[in-house]
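Just below is one structure, and these are the notes that go with it.
Each reported figure results from applying straightforward, stated rules to the coordinates on display, with no laboratory input. All values reported here derive from a predicted model rather than from experimental measurement. Virtual Cβ from ideal backbone geometry, glycine too; neighbours counted across all protein chains shown.
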Ligand code: S3P
């Protein structure tokens, strides 16, 4: 099986997925990057077509991924909202909730055009984080806390190697 990283915005999914992909020589997909390559900037999709359309695009990209065993996938923080996304990924992947505490996440520089749901309101961000955390917990095969990047990469890499044994 491959590996899919799930977790909140700013928890390090892209960096960790890309690095593990390079170190293992695995195929790496970042669903936000694929969306942008196919449909243009995420900020534009949200602005002109709305979040609902973004979620449709996200699902169509996720559920068409060709997932061979040696694949690592970084998903967008909201990919867990639609059960079909998770059902599809879980057919081919072990899922890792890359967990980072909200205090550390909020230390990142503020609003980012490619993260339209990242708002400069810590209270609202915390509410979204708690709501989403229920779903990350529900769909995760394991949880890895991203406290130290190098250690996290090593843990994900080892888990990915072990996942190859699973069908
Ligand atoms: C989103 C997270 C983003 C991106 C989009 C929506 C979300 O991905 O997919 O802005 O709903 O949490 P990252 O988790 O990579 O920031």
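Ordering 3, 61, 20 from the fewest to the most neighbouring beta carbons within 10 Å gives 61, 20, 3.
Each residue, residue 56 and residue 114, gets one label point 7 Å from its Cα in the Cβ direction; the gap between the two is 2.5 nm. Please find the FRET efficiency linking residue 151 to residue 48, where r is the Cβ-Cβ separation and R0 is fixed at 45 Å, and quote it to the nearest 0.05. So the FRET efficiency works out to roughly 0.65. Every helix of 4 or more DSSP H residues in the chain counts as -39500 (n - 2.57), and over all residues that averages to -15000 deg cm²/dmol at 222 nm. Here the extension length gained between residue 87 and residue 18 equals 22.6 nm, from 0.36 nm per residue of separation less the Cα-Cα distance.
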